[in-house]
Amino acid sequence: MKLMSKIENVVRNFYFAKRSGIKTTSELDKRIIDDALPAYEQSLKTQSASVQPNIWRIIMQNRITKYGSAAAVLLVVLYVLTGNSGRTVWAMEQAIEAVKDYKAVYMEGTSREGAFECWGRTDDTGEQSKDFIVKISNGIVAWVKDGSSFAYVPSENKVYYEKAVTTGFSQWLGSELLEMLGSIKNTKVMYGKDPDTGRERVTIMSSFIDVTGPKSFIIEFDYETKLAVSLKQWDNMDRSGQPAFHAAKIVFYKEITDSLFAVNIPGNPTYIEKPLTIPDENIGLLSNPEYGISIKGLSEQQACKKILTDMYQAVIAGDIAAIKKLSPVTEILDDEFIRSFIIKTGKKDQIVELVSIGEIIKKGHSKLGSIAAVPVVYKRKDGVKMEDKMIVQFRNLGGELSCVIHGPYGISQQYK
């Protein structure tokens, strides 16, 4: 795996698979595994001494709550704990209430690339990652500023950037995430005490295979505060060997100073814009001719507007079948999960109005064909306007021109 591909996992692996929400038909399982394992095995064989320009995907950028991709079915797995040996129930409702006032988080630990520390802060809604910075001991720094993401690579004296918030927490570590976690099952839960502090801990262990390969993890919560305090993640099923990522310390804050997000880059580095790409592991799902829409006679802009209009109208209408047809990567999610965390039925952030679909802002290519990123502005039930940048995949399948929605380009941002 290339150095920067490994760095992508530094913080994004705070999110782990919701296996109970995956449709387990044998055909779909085979397709996903056939796509995932060869890519994963190849990544283990490929080592690169050079730094690639995708470092800032430190956090999983494809939000599972916004038509996320198969590779984006990565969530922190948390079971709604029941009493054990007479203990008081560790209720999800209590955890949700506990985290509401916290608007910032700090993490420190180690990865295969070295020691790291990062800071993150929410936007005005308290639900979306806005300000973020991560520093790695090899000198690499990644950060967000004014809606764009940057990564300084000292060995190249270059700053790679893109005009989207692709660094940060794809799902803020707050109440919405905890509500999502409450539906996840099939993990091992243990109670114990921190040997250094004597405080009670809740330890969760799990493993799974997704399109990026096998994963296993251990995450610890403080029993009293209901907040995550540490986690370890491995790229295998049995937690063997050195962890790919170990956040030895996680601290939540109600507010933090702006100075923590200041970046001072030495010298005069070259700035290079990162190309628009999508993971190769998702091509199998995106290439199914049964999904998407025909775009015969349409320009790329017209095609993007049509399919994105159809998608957001489907979300507003609660039409799960249409959502899956337009964005095939959602096929792996069960209907209840889509209803709760994409449609968001009855929630304050439920989409109620499509405001506008903008012009294509960026183009790129995948193994399937050309792709385009398009801004979409919508209004939520609580009146807040948000902007997504969505990636549309164009296809030529047997001479038939069509397109599908891959998923979001970066993290949703409050629109002002």
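Every number in this text was worked out from the coordinates using simple rules, so none of it is lab data. Please read all numbers here as calculations on a predicted model, not as lab measurements. No Cβ is skipped: glycine too gets one built from the backbone with ideal geometry, and neighbour counts run over all protein chains shown.
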Between V251 and T225, what is 0.36 nm times their sequence separation minus the Cα-Cα distance? Round to one decimal in nm. 8.2 nm
R0 = 41 Å: FRET efficiency of Y191 with S137, Cβ-based, nearest 0.05? 0.75
Provide the per-residue ³J(HN,Hα) series for the range 220-236, in order, calculated from phi with Karplus coefficients 6.51, -1.76, 1.60 and θ = phi - 60°, each as a whole number of Hz, with x at glycine and proline positions. 10, 10, 6, 4, 7, 7, 6, 9, 5, 10, 6, 7, 10, 9, 10, 9, 8
Residues of the range 211-252 with amide N under 18 Å of a point placed 7 Å along Cα→Cβ from R199: 219-232, 247-252
Residue span I316 to Q302: 0.36 nm per residue of separation minus Cα-Cα distance leaves a gain in nm of 2.9 nm
If I take R0 = 56 Å and measure r between the Cβ atoms of D258 and E336 in this structure, what FRET efficiency does the formula 1/(1 + (r/R0)^6) give, to the nearest 0.05? 0.85
